[in-house]
Amino acid sequence: MNVKTLIQILLLFSSLSILSIGGGNTVLPEMHHKAVDGYHWLTDKQFADVFAISQAAPGPSILIVTMIGYKAGGFVGAVLATIAMMIPAGLLVYLVSRVWEHAKHSPARKAIEKGFAPLTVGLILASAWVMSKAADHDWQAFLLTGACTAIFSTTKINPLLIVAAAGFIGWMGWV
Amino acid sequence: MSEKPSLFDLALTFNHIALASFGGGLSAWSREVVVVEKKWMEDEEFLSAVTMCRILPGANQVNLAVFVGVKFRGIPGALAAVFGLTLVPVLLVLALSYFYFQFHEVPALKGILKGAAAAAVAMTLSMVVKTGRKCLGGLIPVLLFLAIFLMNGIARWPLLACLSLLAPLAVAWGWPKEKKP
């Protein structure tokens, strides 16, 4: 680990932060290009593996940058990559949310809130679809998803219990 | 909403959301906690915030934490929410990185993850069911919902392309009608 690497980490991830319109996953190809082909911080196989690990771990999926930062620059690199990935985009959200709060009673805000609701529900359904395809689900997993959806939608059982039960079912090798 | 959450509340709540989302489904968990459990926001406000956070650059869930934190406590609130959302996951991911780069594999979690991921998809689907019941009354919202699902989910068009087509229609539909005197 050296200062040059840390500066490269800082510059790469803070620029990816601003470029990641539509979510962190949109800059994965660019991240791969720079971290694997450009800086040789990790191999192709390692990139694919850390992607899978970061998707499965709890918390925001963008923590793939923590793992890349760790490989490139140890603990300091990991923390730096994580912060660099969040600050620039976070500042922009801060500015937008201030404007939004200011426009509380404007008709434009009312129209956006009402009109975006069905679009957001459609996008959430799209992400459920993409998640399910990415996890490469077989019919047992779809069955488990269906059963859990029915329980989540119709009962008030704490969802954490259901996730734990589904994890247990997976652990036993039943899906 | 009863009263403004403290910085500690914000950090704790987003930590809870992050840890609950083992296997995925962070959006659904955010709604479950922020809207249903804590009643910090109404569904409409929450859903529009979710889409704004998707349009803006940055990780969607980090953005949402910033958005909710700023709403109640300004910049310190945003920092508290993001800190809560990321601290434990970052430590966990660091531990996993250590294992992975030392031993080239992570201790057998594959089966558990497969089950948990199926439940996370279910959690996300149930968010569709619960929020859809409220905002999909009528032909136009159902058409908007189906159109963006087909474009973004099935055809995999980029988010900005889908929204540049559909957002103007959605906003025109949602514009408050002027009340007749």
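Annotations
- Scanning segment B:110-132 for residues that are modelled with pLDDT under 90 and surrounded by fewer than 17 Cβ atoms within 10 Å (Cβ to Cβ) yields one hit, B:LYS110.
- Of note, A:SER54 does not satisfy the criterion of being under 30 Å from B:PRO141 (Cα atoms), in a helix (DSSP H, G or I) and either among the hydroxyl-bearing types (Ser, Thr, Tyr) or not assigned by TED's automatic domain parsing to the domain that holds A:LYS34 (or both).
- Considering residues of segment A:24-57 that are at the interface with another protein chain (Cβ under 8 Å from one of its Cβ atoms) and crowded, with 24+ Cβ neighbours inside 10 Å only, the residue nearest to the chain's Cα centre (by Cα): A:GLY24
- Condition check for B:ALA78: within 30 Å of A:ASP44 (Cβ to Cβ), modelled with pLDDT of 90 or more and facing chain A (nearest Cβ under 7 Å): no
- Taken over segment B:133-144, the criterion of being assigned to a helix (DSSP H, G or I), surrounded by fewer than 24 Cβ atoms within 10 Å (Cβ to Cβ) and free of Cβ contacts under 8 Å to residues at least 60 places away in the same chain is satisfied by B:ARG133, B:LEU139, B:ILE140, B:PRO141, B:VAL142, B:LEU143.
- The C-beta contact set for segment B:83-103 (first residue in the same structural domain as B:GLN61 (by TED's automatic domain parsing) and free of Cβ contacts under 8 Å to residues at least 40 places away in the same chain, second residue crowded, with 21+ Cβ neighbours inside 10 Å and aromatic (Phe, Trp, Tyr), distance under 8 angstrom, 6+ apart or interchain) comprises B:LEU94/A:TYR70; B:SER97/A:TYR70; B:TYR98/A:TYR70; B:PHE101/A:TYR70.
- For segment B:148-166, residues that are crowded, with 18+ Cβ neighbours inside 10 Å and more than 7 Å from chain A (Cβ to nearest Cβ) total 3.
- Looking across segment A:1-23 at every residue that is β-branched (Val, Ile, Thr) and more than 28 Å from B:LEU56 (Cβ to Cβ), the one that is farthest from the chain's Cα centre (by Cα) is identified as A:VAL3.
- Enumeration of residues in segment B:168-181 that are under 15 Å from A:PRO118 (Cα atoms) and either buried (at least 20 other Cβ atoms within 10 Å of the Cβ) or more than 7 Å from chain A (Cβ to nearest Cβ) (or both): B:PRO168, B:LEU169, B:ALA170, B:ALA172, B:GLY174
- Restricting attention to segment B:71-82, the residues being buried (at least 24 other Cβ atoms within 10 Å of the Cβ) and either free of Cβ contacts under 8 Å to residues at least 40 places away in the same chain or in contact with a strand residue (DSSP E or B) (Cβ under 9 Å, 6 or more places away or on another chain) (or both) number 1.
- B:ALA18 being at pLDDT 90 or above and facing chain A (nearest Cβ under 7 Å): yes
- Every test in (1) within 18 Å of B:ALA65 (Cβ to Cβ); (2) outside any helix (DSSP H, G or I) is passed by A:HIS40 save one, and that test is (1).
- Leading residue by the ranking (farthest from the other protein chains (Cβ to nearest Cβ)) among those in segment A:131-142 that are without any contact (Cβ under 8 Å) to a residue 24 or more places away in the chain and in a helix (DSSP H, G or I): A:TRP139
The values are calculated or read from the model by the stated rules, or taken from the named source; none is laboratory data. Model, not experiment: these values are computed from the prediction. A quick note on method: Cβ atoms are made from the backbone with ideal geometry, for glycine too, and the neighbour counts reach across all protein chains shown.
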